[in-house]
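Each remark here refers to the structure printed beneath this line.
The values are calculated or read from the model by the stated rules, or taken from the named source; none is laboratory data. Since the model is a prediction, treat every value here as computed from it, not as a measurement. Glycine gets a Cβ as well: all are built from the backbone with ideal geometry, and neighbour counts include every protein chain shown.
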Amino acid sequence: MEEIRCLRSTLLAGLPHGMFSRSGGVSSPPFASLNLSYGVGDDVEHVAANRQRLKQHLEIKHIVSAVQVHGDRVLAAEDVRRDAEYESADALVTSQRGIGLLIQQADCQAVLLHDPAREVIAAVHNGWKGSVLNIIAATVRLMRDHYGCRPADLRAVISPSLGPCCAEFVNWRQELPASMHRHQIRENYFDFWAVSQEQLTESGVKAEQIETAGICTVCNRDFFSYRRARHDEGGTGRTGRCGSVISLA
């Protein structure tokens with residue numbers, strides 16, 4: 001079995017966290033091999049085994065995730081006593097130690113947030129629809145209103161995800177608001193990393209406390225990619241989901 005591989009950020013030093021590649025799991029193609037989603041058609045026992053490997057790798061007790069729906073609902077996950085997957089949410093926040101907040105992704109961004117002053121973390125599933133709804137702002141607002149976090153204290157990391165090289169939106173005039181149009185880098189192509197950076201700073205996060213992995217999941221085959229599976233690998237879009245996880249030690 002391949003080794004589990006993940007990226008880490010110096011901004012989150014001291015926290016169990018990782019932005020995981022597709023390697024190191026037990027799932028078979030087209031979900032090979034560290035698929036972390038129960039919702040794509042993979043064997044549920046394989047997904048459970050993959051999540052268990054993730055917990056062992058990060059040395060955490062439980063994983064909390066959500067059925068992601070490309071909305072802007074943010075949930076507080078407290079008093080967690082077992083692994084859990086909530087219904088219909090795209091961001092999770094907690095101050096509880098020992099649980100990992102998991103975002104499942106195959107081109108969408110995971111935005112991982114940490115407030116070292118209040119010891120609060122958040123994980124955001126942020127696709128283009130989440131960007132349009134500005135789920136980043138909704139998450140920072142909940143951290144501020146419910147946990148007393150100061151946005152200027154937050155550290156933010158944007159995971160490997162759809163890069164400007166591959167973010168083609170032919171219907172962008174109908175799909176994207178005017179505020180995003182300035183992030184068009186060439187005809188029909190947009191820089192959603194820059195969109196998220198802007199939404200973070202507009203929410204009060206300091207620019208020097210934002211890190212972007214800068215890896216396009218369509219180009220880099222170490223990661224699952226819905227767009228690549230849809231266009232280059234048979235046209236079905238059937239593929240697994242990588243994971244990005246953050247936890248309080």
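Go through region 134-143 and give me each residue that's in a helix (DSSP H, G or I) and either without any contact (Cβ under 8 Å) to a residue 12 or more places away in the chain or of a type outside the set (D, E, K, R) (or both).
Ile135, Ile136, Ala137, Ala138, Thr139, Val140, Leu142, Met143
Condition check ((1) under 12 Å from Met143 (Cα atoms); (2) without any contact (Cβ under 8 Å) to a residue 24 or more places away in the chain) across all residues:
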position	(1), (2)
Arg82	no, yes
Tyr86	no, yes
Thr94	yes, no
Val111	no, no
Val132	no, no
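Which of (1) more than 24 Å from Asp42 (Cβ to Cβ); (2) touching a Phe, Trp or Tyr at 6+ places or on another chain (Cβ under 8 Å) does Ile185 not meet, given it meets every other one?
If we test Ile185 against (1) more than 24 Å from Asp42 (Cβ to Cβ); (2) touching a Phe, Trp or Tyr at 6+ places or on another chain (Cβ under 8 Å), just (2) comes out false.
Condition (residue is over 16 Å from Ser159 (Cα atoms), surrounded by 17 or more Cβ atoms within 10 Å (Cβ to Cβ) and among the small types (Gly, Ala, Ser)) applied to region 9-18: is it met by at least one residue?
Checked region 9-18: no residue is over 16 Å from Ser159 (Cα atoms), surrounded by 17 or more Cβ atoms within 10 Å (Cβ to Cβ) and among the small types (Gly, Ala, Ser).
Against the condition touching a Phe, Trp or Tyr at 6+ places or on another chain (Cβ under 7 Å), at pLDDT 95 or above and of a type outside the set (Gly, Ala, Ser), how does Phe169 come out, does it pass?
Values: touching a Phe, Trp or Tyr at 6+ places or on another chain (Cβ under 7 Å): yes; at pLDDT 95 or above: yes; of a type outside the set (Gly, Ala, Ser): yes.
For Phe169, the condition - touching a Phe, Trp or Tyr at 6+ places or on another chain (Cβ under 7 Å), at pLDDT 95 or above and of a type outside the set (Gly, Ala, Ser) - is met.
Take the residues of region 97-133 that are more than 16 Å from the chain's Cα centre (by Cα), charged (D, E, K, R) and in a loop (DSSP other than H, G, I, E, B): which is farthest from Cys6 (Cα to Cα)?
Going through the qualifying residues, I end up with Arg118.
Take the conditions among the charged types (D, E, K, R), modelled with pLDDT of 95 or more and closer than 20 Å to Arg8 by Cα and apply them to Glu175. Does it pass?
No, not satisfied.
Under 8 Å between Cβ atoms, at least 6 apart or on separate chains: pull out the pairs that start in region 22-45 with a residue that is of a type in the set (Phe, Trp, Tyr) and end on any residue that is surrounded by fewer than 18 Cβ atoms within 10 Å (Cβ to Cβ) and part of a loop (DSSP other than H, G, I, E, B).
From region 22-45, the pairs are Phe31/Gly41.
Taking the condition of being free of Cβ contacts under 8 Å to residues at least 40 places away in the same chain, more than 22 Å from Gly24 (Cα to Cα) and surrounded by 16 or more Cβ atoms within 10 Å (Cβ to Cβ), how many residues in region 46-72 meet it?
0
Of all the residues that make up region 190-208, how many are in contact with a Pro (Cβ under 7 Å, 6 or more places away or on another chain) and among the aliphatic types (A, V, I, L, M)?
Selection size over region 190-208: 1.
Kindly indicate whether Leu58 is under 16 Å from the mean Cα position of the chain (by Cα) and modelled with pLDDT of 95 or more.
Taking the combined requirement at face value, the residue does not satisfy it.
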